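This report concerns only the one structure given below.
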Amino acid sequence: MKDRLTRRSLLGKLGALAAGLAALPALKTAKAAVQKVLVSSNAPKGYDPTQHKWVMAIDINQCIGCGSCVEACKKENKVPQGPYFRTWVERYVIEKPKPGSGEARGKTHVDSPDGGMRGYPATPVPKEDILHSFFVPKLCNLCEHSPCVQVCPVGATFDAPDGAVLIDPKYCIGCGFCIQACPYGCRFLNPVTHVAEKCSLCYHRITRGLQPACVEVCPTQSRIFSDLKNPVPNDPIQAFYAKHRVTALKPHLGTDPRVLYAGADREVQ
Amino acid sequence: MSGEITNIVVEVMPHFEGYVYPNEATHQPLWSVLIVLYPYITGLVAGAFIMASLVRVFNVKALEPVYRLSLLTAFAFLLCAPLPLLFHLGQPFRSYQVMITPHLTSPMAIFGFVYAWYLMAVLLLELWFDYRRDLVEWSKTTGGFKGLLYRIFTVGVTDTSEASVKLDHKIGHILSIVGIPSAFLLHGYVGFIFGSVKANPWWGNVLMPIIFIMSAMVSGIALCVLNYMILTWIRRRTVDMRCLDVMGMFLFYALVVDAAIEGLDWIHRVYSAEEGFQVMQYMAREKLFYTLNVGQALLGTLVPLLMLGGLQLFRHRVSDLARRRMYFMSALLIVIGVLAMRWNVVIGGQLFSKSLRGVMSYKMEFAGMEGWFMAAIIFVLPFVILTVLVKLFLSEKLPTTAAPSQPAESPA
């Protein structure tokens, strides 16, 4: 008798039922996450965030500090004038050590006037005293364990299944807790809308098959953007990971940033 | 061209030193003076309630003259506690979202619930059970609008039999016992809002909730000392010296524990000298010199500690008048010192860049939502409410029934 109800088969069936019941909430959560993305962002209908995993990487060696990305971002996302940036570029100037000082390296100067959008003033030290000088583009670090998402009192900022960390501007109460919690200074309170704002990877663009504005305008490909779930032939991000040893910013905070940097100095925070 | 840009940058933002992230280069910190008031007022609530609990739960008979005054103080300040938060929000009309769709991993999301619990389930109920018998009596003897108010406050319950009064006391006692952890929760949670921010080395600290609870107790007891002395002075009564001495004793012990924990925090910070320590040193030496070293440590802690400690040792050698003055001065200094402490935590934590490479400055504005005029209004408001409450519920003209907790006046 094949179909006889034995203890073993009963246990098996009960187990399957329990597993099914246990999976149900997870399925529901997954569905709710997709819903949330569609409701609170300007992604087009039919976009499925579970089918993508967006990521950006930065090659510091390539960045020339032209600031085009900052300007493009401001225009594309209508970021207000003033100290409000979804992305910015920092300039690092590390001096040579004073002769006989016994130090390995000299003083470090960092600046990012107007986010680097309009260029930089002359270096603070003469050229011959500079040991290293480089530019570091900054943006939302797409943390795996985002402190900003954790602290939002209403859940207006959330991790989208496709890897973006988004804010629902119609829902945010403007308390500023996420801005305090972001270790990278990537968030600001928009003075016009009075809600928190940050890099969304140009969500309205990437969900329509375009690249983020900053990536689009970068003349040296120092910003690499890709979809980890849908690799294309000769995917630049795979080449980037293969070519470089990378680092994340402030790794000791346990935020596990997904934006990885190649060529970062220890001074880069 | 580049020279021009530098000049512009220097002109627009003269109040930064070193490098701050571009998003941090705003003209004032994101959480400004209103968020300084928020933990301050909440702390006064928690402390005043603990003061009242000393009578109710720990049966400190000497403090009975201030029992009801402490409860009313806690109540008046609790009513105003959410105001600074509300006014500070970018979208205040969405604030109800915190209650209906709370995000449970957020330390801030629970505030609405802790607040509602404390207000509705603890303080209001305790006040009502404590006053119920008096309200019934007063509603019979008082006419006019006041009488009507008392009648409304009885909620139609007019049973003053011995059994019902006994039940009132029993429930009041239980509410007080529930109230102590609730007060700790209310304020410890406020500490956790700051303590949980790991991005900020000035805030992210495991001791933060405990520091907040202890300083809350200190400031709340000090406020009750002030309120009691001012009320008796306005009413031309004599201060009950026994009560004042006992308040001073509790204030001293709370201050000892508070100072010890805050000292421990600083010792740990200095000894471990972790990331950001240099910035912190700079803050303590330059940016927060007056509020931290002078306001919080010297005037707000050390001087009252010496005065109150001295009184513990030599109480009998000091005249009543001198003691009253010393208690008043200590309480005043403590109340100001704890305000300075809130300032140092909230503003101090935002005066340096999270890049740990630069510092900002903060010059308070007069007008506007975040100006000091608004802050002053919010801080005066609980005192106005307290005055009305005292007129209604601590009136000298109304007889009070003998209860385990006596009314605030103690005519000498």
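No value in this document is a laboratory result; all are computed from the given coordinates. Computed from a prediction, not measured in an experiment: that's the story for all the values here. So basically every Cβ, Gly included, is an ideal-geometry build from the backbone, and we count neighbours across all protein chains shown.
Of note:
- Averaged over the residues of peptide A:182-195, the number of Cβ atoms from other protein chains lying within 10 Å of each residue's Cβ is 4.
- Under 12 Å, Cβ to Cβ, from A:Leu131 - net charge with Lys/Arg +1 and Asp/Glu -1: -1
- Each Lys and Arg contributes +1 and each Asp and Glu -1, all at the Cβ; summed about the Cα centre of segment A:21-129, the dipole is approximately 540 debye.
- Loop-located GluC sites (Glu not before Pro) in segment A:65-131, at most 12 other Cβ atoms within 10 Å (DSSP): A:Glu103
- Sparse packing (at most 14 other Cβ atoms within 10 Å of the Cβ) combined with a DSSP loop state is found for the following trypsin sites (Lys or Arg not before Pro) in segment A:208-254: A:Arg208, A:Lys229, A:Arg245.
- In segment B:302-385, Cα pairs under 8 Å separated by at least six residues give a relative contact order of 16 percent.
- Sequence-distant lysines (8 or more away, or on other chains) whose Cα lies within less than 25 Å of B:Lys146: B:Lys391, B:Lys397
- Max mean-square fluctuation residue, GNM over chain B, Cα-Cα springs under 10 Å, options B:Met51, B:Met120, B:Met217: B:Met120
- What you get for chain A, charging only the Cβ of Lys and Arg (+1) and of Asp and Glu (-1), is a dipole of about 1100 debye around the Cα centre.
- Positive dipole terminus of chain A, leading residue within A:Leu166, A:Pro212, A:Phe135 (C-beta point charges): A:Leu166
- Inter-label distance for B:Arg317 and B:Tyr96, nm, one decimal - labels placed 7 Å from Cα along Cα-to-Cβ: 6.4
- The protein assembly as shown, helix-only ellipticity at 222 nm - DSSP H runs n ≥ 4, -39,500 (n - 2.57), divided by all residues, nearest 500: -15500 deg cm²/dmol
- Residue exposure proxy: A:Arg118, A:Arg7, ordered by other Cβ atoms within 10 angstrom of their Cβ from fewest to most, comes out as A:Arg7, A:Arg118.
- Exposed loop sites are taken as trypsin sites (Lys or Arg not before Pro) in a DSSP loop (any state but H, G, I, E or B) with at most 12 other beta carbon atoms within 10 Å; the longest stretch of chain B without one runs B:1-235.
- Other-chain or far-sequence residues with amide H under 5 Å of A:Glu90's (modelled H): A:Val136, A:Lys138
- Counting beta carbons within 10 Å around each of B:Val246, B:Val380, A:Val93 and listing the fewest first gives the order B:Val380, B:Val246, A:Val93.
- Rounded Å value of the spacing that divides the Cα centres of segment B:92-154 and segment B:327-366: 32
- Chain B: DSSP helices with Cα axial extent of at least 18 Å and average Kyte-Doolittle hydropathy no lower than 0.5: B:33-56, B:64-80, B:162-195, B:208-234, B:241-272, B:320-346, B:372-393
- Our coupling estimate for segment A:197-204, obtained by passing each phi through the Karplus curve with A = 6.51, B = -1.76, C = 1.60 and θ = phi - 60°, is 9, 6, 4, 10, 6, 6, 4, 5 Hz, Gly and Pro reported as x.
- Loop sites in segment B:20-107: chymotrypsin sites (Phe, Trp or Tyr not before Pro), DSSP, at most 14 other Cβ within 10 Å: B:Phe58, B:Tyr96
- The lysines whose alpha-carbon is closer than 24 Å to the alpha-carbon of A:Lys250, local same-chain residues fewer than 8 away aside, are A:Lys53, A:Lys107, A:Lys138, A:Lys198, B:Lys198, B:Lys354.
- Our note on the geometry: Cα centres of segment A:220-267 and segment A:150-195, 24 Å apart.
- Hits among lysines - C-alpha to C-alpha of A:Lys28 under 17 Å, sequence gap 8 or more where chains match: A:Lys36
- Estimated inter-spin distance, A:Ile130 and A:Asn42, nm [label 7 Å along Cα→Cβ]: 3.8
- Extension reserve of the B:Ala376-B:Leu207 stretch, reckoned as 0.36 nm per residue once the Cα distance is removed: 57.9 nm
- Built amide H within the under 5 Å cut-off of A:Val246, gap 5+: none
- Shown in residue order for segment A:104-115 are the 3J(HN,Hα) couplings computed by the Karplus curve 6.51 cos²θ - 1.76 cosθ + 1.60 at θ = phi - 60°: 6, 9, x, 5, 9, 10, 10, 8, 7, x, 6, x Hz (x for Gly and Pro).
- Subtracting the Cα-Cα distance of A:His244 and A:Ala122 from 0.36 nm times their residue separation leaves 40.9 nm of extension gain.
- Residue-count net charge about A:Thr50 - beta-carbon cut-off 13 Å; Lys, Arg +1, Asp, Glu -1: 0
- Annotation: amide H-H contacts under 5 Å for A:Ile130 (H modelled 1.01 Å from N, sequence separation of 5 or more, or interchain): A:Lys96.
- Each Lys and Arg adds +1 at its Cβ and each Asp and Glu adds -1 at its Cβ; summed about the Cα centre, segment A:149-269 shows a dipole of about 80 debye.
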